[in-house]
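Any read-out appearing in this document is the output of simple, stated calculations on the displayed coordinates, not a laboratory observation. Since we're looking at a predicted model, the values are computed, not measured. Because the Cβ atoms are built from the backbone with ideal geometry, glycine has one as well, and the counts that use them run over all protein chains shown.
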Amino acid sequence: MDEFDQAHPYNDDNDEDDLFVSMMYQYYTGSLVQPDPAPLLTRRAALNRDREEGHRLVNDYFAENCVYQPSDFKRRFRLRKNVFERIANAMEAKYEFFQMRYDARGKRGFTGLQKCVAAIKLMAMGESPDSIDDYMRMSGRTARESLYLLARGVVETFGDQYLRKPSLHDMQQLYAAHEERHGFPGMLGSIDCTHWKWRNCPVAWKGQYSSDHHGAPSLEKPRMLLFTVNGNEYKFGYYLTDGIYPQYSTFVKAFRHPIDPRDKYFKRRQEGARKDVERAFGVLKSKWHIVEHAAIPYELDTLRYIMYACIIMHNMVVEDKGRNIATYSPTEPRHVQFQPGTSEYLHRVVDIQDQRKHKQLREDLADYIYVGHEDEDE
């Protein structure tokens, strides 16, 4: 053996190892490291929405010489500009989400005005959050968050005024207005239900939320304001209802199968007055189309906030038109607190559930309303 062979007694094996390493290197660099010409998953390119373009909203609706007229704004957003600005200013002052911020790159975000416009537009039109993108340059996720947070903010900010329980002063105004319009003394209003289909309702809950009427009304903290009808005094105001509700002294139903002319006349008057609440639901759905279509959110609290927000904004519009019956006073006590289990509370519950008083009230109202109409043709 020469010196090389003595230094490398396994020279043949080394040649084979070098060849193997070379082949594996070519395999890894040529096959595995190279990208797949047809990958199964591709990353979506970042979408440059040009948010600055979305700020043209100010020139369109809110500038001094804006493009569109106030009538256009009212038609598209279902409320006048002054009512909208009141809501937007309250949201921006109270919630960080509606305040204009900059991201980590120093890029300007959406203003509170833009987010409020997106949210109210979704409520008014009932469209998908993605529909906001083409004009507002806003992603569906941001539009959806704006909708949910504005609904909650409206309830928390304006609920005490526009979704309040009636005070004694409110009840007096309601008594006077309903007697003048419908002829029913002591009437607080009408009760009915509307159905909002929940598309994402869990399967296990399907039967629980399938009916238009759910349970009995709450008896907590009933309010007492005396009124007299047909010579008899009653403690609590009442609501006109249909036959599905229980026989409480605070509910007045029509006669189911009237035969007497008095009972027939009362049935017509009661059903005619009760149409007001049905018209109210019709106006609510025609104004806020989001409650006319199947509900998308998963959370019940979110649905509740959206419905309450629509009702509150509807009441704000009614007040803005000067058509509200009861006036709000922030210094007036809203209600009297009663501790559960006290004797006074129990007595009121018993009075409300008294079927005898329920029937007596209907008889007195039927006599009162029929006076002067005995000769009316049936």
Checklist entry - Non-local amide H neighbours of Trp198 (under 5 Å, H modeled in plane, Pro and chain starts lacking H): which ones? => result Ala295
Item to check | Phi to ³J(HN,Hα) by Karplus 6.51 cos²θ - 1.76 cosθ + 1.60 over region 289-297, Hz, x for Gly, Pro | outcome: 5, 5, 8, 8, 9, 4, 6, 9, x
Checklist entry - Applying 1/(1 + (r/R0)^6) with R0 = 45 Å to the Cβ-Cβ distance of Phe255 and Asp320, what FRET efficiency is obtained, to the nearest 0.05? => result 0.70
Item to check | Neighbourhood charge, 13 Å Cβ-Cβ cut-off, centred on Gly231 and excluding it, Lys, Arg +1 and Asp, Glu -1 | outcome: -4
Item to check | Spin-label model distance (nm) - Thr228 vs Glu271, 7 Å beyond Cα toward Cβ | outcome: 3.4 nm
Next on the checklist: Take Ser286 and Tyr102, extend 7 Å from each Cα along the Cα→Cβ direction, and tell me the distance between the two endpoints in nm.
Outcome noted: 4.9 nm
Item to check | Vicinal HN-Hα couplings computed from phi for region 78-95 (Karplus, 6.51 cos²θ - 1.76 cosθ + 1.60; Hz; Gly/Pro x) | outcome: 6, 8, 6, 4, 5, 5, 4, 5, 4, 5, 4, 5, 5, 5, 5, 6, 9, 10
Next on the checklist: Eigenvalues of the Cα gyration tensor times 5, then square-rooted: what semi-axes does that give for region 48-147, in whole angstrom, largest first?
Outcome noted: 20, 15, 14
Item to check | Total lysine pairs under 23 Å (Cα atoms) in region 227-365, excluding pairs fewer than 8 apart on one chain | outcome: 20
